[in-house]
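Note sheet for the following structure.
FYI, it's all coordinate maths here, none of it is from the lab. Since the model is a prediction, treat every value here as computed from it, not as a measurement. Cβ placement follows ideal geometry from the backbone for every residue including glycine, while neighbour counts extend to all protein chains displayed.
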Amino acid sequence: DAKTTQPPSMDCAEGRAANLPCNHSTISGNEYVYWYRQIHSQGPQYIIHGLKNNETNEMASLIITEDRKSSTLILPHATLRDTAVYYCIVRVGPGGSQGNLIFGKGTKLSVKP
Amino acid sequence: DAGVTQSPTHLIKTRGQQVTLRCSPKSGHDTVSWYQQALGQGPQFIFQYYEEEERQRGNFPDRFSGHQFPNYSSELNVNALLLGDSALYLCASSLGGTDNTGELFFGEGSRLTVL
């Protein structure tokens with residue numbers, strides 16, 4: 001079973017920030033939070049990952065709570081092309097044994113004009 | 001474009017037949033993982049290959065087998081196909097050593113339909 005809990009769906013207006021929550025209350029000390037997204041009929045695409053500090057890249061920002069039991073992925077200015085299923089995954093991070101990704105059902109984000 | 005190539009993109013088989021799917025990883029990557037994605041579900045891990053050996057396996061029957069070649073490309077074989085094997089099969093590549101980033105690069109998948 002997935003170690004994360006996400007809402008099944010969310011809507012966002014084009015141009016506004018999309019905030020996607022994720023609960024991972026059983027996360028271990030050596031596990032990172034990874035986010036992937038899957039646009040319809042394509043393979044999943046890596047977005048961002050973090051351990052305990054907030055992270056930002058060209059695609060998104062990741063905010064992890066101090067107790068690491070939850071996080072939020074932020075798309076600062078959502079576009080129609082951001083419509084996708086977003087997966088929050090916890091796993092051993094860089095440099096460690098990779099193992100597998102355990103996907104849940106994710107959050108289907110619909111960006112509307 | 002993640003740089004991971006899968007073939008074929010679509011195929012149709014009948015129950016009981018066998019199928020082989022192929023994957024070429026991103027240049028410089030040495031690890032290939034395979035996932036099965038049923039309609040409306042998240043991808044499910046099948047197995048991972050590193051240095052031509054199966055390193056980890058998910059909860060899939062022995063009908064699912066694989067191979068990794070010296071050039072790091074990989075095949076997924078499924079024998080005695082069942083209707084329930086109809087799915088999108090995804091290949092993901094990564095670095096397997098200690099310098100990996102933890103990021104997987106996925107191909108576009110092979111859509112298998114079993115009739």
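Output the direction-averaged projected area (hull surface divided by four) of the convex hull of the alpha-carbon atoms of chain B, in nm².
Average projection, Cα convex hull of chain B: 6.8 nm².
State, as an integer percentage, the relative contact order of chain B based on alpha-carbon contacts under 8 Å between residues 6 or more apart. Kindly include the intermediate steps, with their values, before the conclusion.
Working: 299 pairs, mean separation 42.4, N = 115.
About 37 percent, as a whole number.
Inside 10 Å of the C-beta atoms of A:35-45, what's the mean count of C-beta atoms belonging to other chains?
Numbers: counts 0, 5, 0, 6, 0, 0, 4, 7, 16, 11, 4.
That works out to 5 on average.
Just the Cα atoms of segment B:1-67, one point each, no solvent: what log10 I(q)/I(0) does Debye give at q = 0.12, 0.22, 0.28 Å⁻¹?
For segment B:1-67 at q = 0.12, 0.22, 0.28 Å⁻¹, log10 I(q)/I(0) is -0.36, -1.22, -1.48.
Can you say what percent of the DSSP beta bridges in the protein assembly as shown, counting only those with both residues inside, are antiparallel? Round to 5.
Numbers: 64 of 73 bridges.
Looking only at bridges with both residues in the protein assembly as shown, the antiparallel portion is about 90 percent.
Taking the beta-carbon count within 10 Å as an exposure proxy, list A:Ser110, B:Ser74, A:Ser70, A:Ser9 from fewest neighbours to most.
Values: A:Ser110 14, B:Ser74 25, A:Ser70 18, A:Ser9 11.
The most exposed by this proxy come first: A:Ser9, A:Ser110, A:Ser70, B:Ser74.
Do any GluC sites (Glu not before Pro) in segment B:1-88 lie in a loop, going by DSSP, with at most 13 other beta-carbon atoms within 10 Å of their beta carbon, and if so which?
Numbers: sites: B:Glu51, B:Glu52, B:Glu53, B:Glu54, B:Glu75; in loops: B:Glu51, B:Glu52.
Taking segment B:1-88 and a limit of 13 other Cβ atoms within 10 Å, the loop GluC sites (Glu not before Pro) found are B:Glu51, B:Glu52.
When you take every Cα atom in chain A, what is the radius of gyration, and what is Dmax, the widest Cα pair distance, in Å?
Cα-based Rg and Dmax for chain A come out at 13.4, 42 Å.
Please give the direction-averaged projected area of the C-alpha convex hull for the protein assembly as shown, in square nanometres with one decimal.
On the way: hull surface 48.8 nm².
Projected area, direction-averaged: 12.2 nm².
Over all residues in A:102-108, what is the mean tally of Cβ atoms on other chains that come within 10 Å of each residue's Cβ? Let's see the in-between values first.
On the way: counts 5, 7, 2, 3, 2, 0, 0.
Mean partner shielding for this stretch: 3.
Please list the radius of gyration and Dmax for segment B:64-115, considering alpha-carbon atoms only, with Å as the unit.
So, for segment B:64-115, Rg and Dmax equal 13.7, 43 Å respectively.
Relative contact order for chain A using alpha-carbon pairs under 8 Å, separation at least 6, rounded to a whole percent?
On the way: 273 pairs, mean separation 42.1, N = 113.
That works out to 37 percent.
Cysteines of the protein assembly as shown lacking any other cysteine beta carbon under 4.7 Å?
Lacking a cysteine Cβ partner under 4.7 Å: A:Cys12.
Set Lys and Arg Cβ to +1 and Asp and Glu Cβ to -1, take the dipole of the protein assembly as shown about its Cα centre, and tell me which of A:Pro8, A:Val85, A:Leu75 lies farthest positive.
A:Pro8
What is the total of Lys pairs in the protein assembly as shown with C-alpha atoms under 28 Å apart, excluding same-chain pairs fewer than 8 positions apart?
Taking the Cα cut-off of 28 Å, the pair count is 12.
For the residues B:Arg15, A:Arg91, B:Arg111, what sequence is obtained by ranking on other C-beta atoms within 10 Å, fewest first? Walk me through the intermediate numbers first.
Numbers: B:Arg15 11, A:Arg91 21, B:Arg111 16.
So the residues, fewest neighbours to most, are B:Arg15, B:Arg111, A:Arg91.
Can you give the extra length, in nm with one decimal, that the chain gains between A:Thr56 and A:His77 once fully stretched, where that is 0.36 nm per residue apart less the Cα-Cα distance?
Between A:Thr56 and A:His77, full extension yields an extra 6.2 nm.
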